[in-house]
Amino acid sequence: MSQNNECGCGHPQLTMLPVHGFGLAVDASGLVPAPVPASTGRERVDHDMHIYVNGNLAESGDGLSPETAVKSYEDAVLALSRYDGCNMCVATIHFADLDDPEAAYPDINIYIHSYATFLALGIMGVSHETTMLGRIYNAEGSRLTLKNVCIPYVASVGWLCINGKLGFKPGQSGESPLQANWGGHIRFLEGAELFLNPGKYQAVIDSTNGHILIHGPTKFHTLGAVTTEYGFVRARGSASMWIAASVDFSGCSTITGRKYNIVQQACLISGGAVLPGSLPGVTANNGLYL
């Protein structure tokens, strides 16, 4: 502070007031001006962002169009990090089909920082029959929407929405396709459809201390013989599930195994829906089926 109480920057409307040995710059009204936000180095956008991935490419482009796609999910996250969605816009990553019909993209982990400065992230493919991804892990606090892809399974401890058509191919360990665990939430948006490829699964809808909401019009389909080890639905711990009576399971006649397996104070509210399976469901250890 100068001897004449003038601000060191020389601004005519600012003076320096001593406060316990410190000087605060105030304007003529006596209010302290708000600090200027620090630059993040990101380009600010006021619209939803779309990043394109094509695993057939040798090199990555900027990801802003199918013609300039990046070659991997990791490069898509990097491309997205150049933009600031002000926590109001949604980012969507679009995956192209791979040339090799037997190949799949690597496993994907979704974290909050994967789409930092954006409100939520979408993963979208061309078709649930042809766009093959690895397993998807949706971490705590993340907001993810899946649409038109085929995966071994998705495990969510964050917020997950199922939209469009989703295909599942059982992995080597037969993991449950849909898993909401440890506070994770899975919700089906209107008109969603699930397609189960032939094989053995631990369960189809599975939760340990999570929450799953399925309401109509939603449809489930089997594309061949499907066997469940524990049941079509498995709920453990404090898991809670609500399956509306309007959900259409008529395309699941080839599923064998129990209809449900509810244990350890978990709760399944079926709403009168008839679950797929060749054996009656079971409850144990205070599990509740309504």
Exercise. Going by the structure shown, is K147 in contact (Cβ under 8 Å) with a residue 12 or more places away in the chain, open to solvent by 10 Å² or more (accessible area, probe 1.4 Å), touching a strand residue (DSSP E or B) at 6+ places or on another chain (Cβ under 9 Å) and closer than 25 Å to G122 by Cβ?
Worked result: yes
Problem set entry | Among the residues listed as E67, E74, the single one being open to solvent by 50 Å² or more (accessible area, probe 1.4 Å), in contact with a Gly (Cβ under 9 Å, 6 or more places away or on another chain) and outside any loop (DSSP other than H, G, I, E, B) | E67
Problem set entry | When residues of region 147-170 are limited to those that are in a loop (DSSP other than H, G, I, E, B) and touching a Lys or Arg at 6+ places or on another chain (Cβ under 7 Å), the one nearest to A103 (Cα to Cα) | P152
Exercise. So, in region 77-92, of the ones that are open to solvent by less than 40 Å² (accessible area, probe 1.4 Å) and within 18 Å of the chain's Cα centre (by Cα), which residue ends up farthest from N148 (Cα to Cα)?
Worked result: G85
Exercise. Out of region 134-144, which residues are free of Cβ contacts under 8 Å to residues at least 40 places away in the same chain and either open to solvent by 10 Å² or more (accessible area, probe 1.4 Å) or among the aliphatic types (A, V, I, L, M) (or both)?
Worked result: I136, Y137, A139, G141, R143, L144
Problem set entry | Residues that are in a strand (DSSP E or B) and open to solvent by 10 Å² or more (accessible area, probe 1.4 Å), drawn from region 200-227 | K200, Q202, T208, H211, L213, K219, H221, T222, T227
Exercise. Restricting the search to region 56-76, which residues are of a type outside the set (G, A, S) and in contact (Cβ under 8 Å) with a residue 24 or more places away in the chain?
Worked result: N56, P66, Y73
For this session: Under 6 Å between Cβ atoms, at least 6 apart or on separate chains: pull out the pairs that start in region 106-133 with a residue that is of a type in the set (F, W, Y) and end on any residue that is modelled with pLDDT under 95 and assigned to a loop (DSSP other than H, G, I, E, B).
Result: F118/G85
Exercise. Does any residue of region 60-72 turn out to be at pLDDT 95 or above, within 29 Å of G184 (Cα to Cα) and of a type in the set (D, E)?
Worked result: no
Problem set entry | Subset of region 171-199 (residues that are among the aromatic types (F, W, Y) and either surrounded by 24 or more Cβ atoms within 10 Å (Cβ to Cβ) or assigned to a loop (DSSP other than H, G, I, E, B) (or both)) | W182, F188
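The values are calculated or read from the model by the stated rules, or taken from the named source; none is laboratory data. Computed from a predicted structure; not experimentally measured. Cβ atoms come from the backbone with ideal geometry, glycine included; neighbour counts cover every protein chain shown. Protein only, heavy atoms only, side chains kept; ligands, DNA and RNA dropped before computing areas. Shrake-Rupley method; radii C 1.70, N 1.55, O 1.52, S 1.80 Å.
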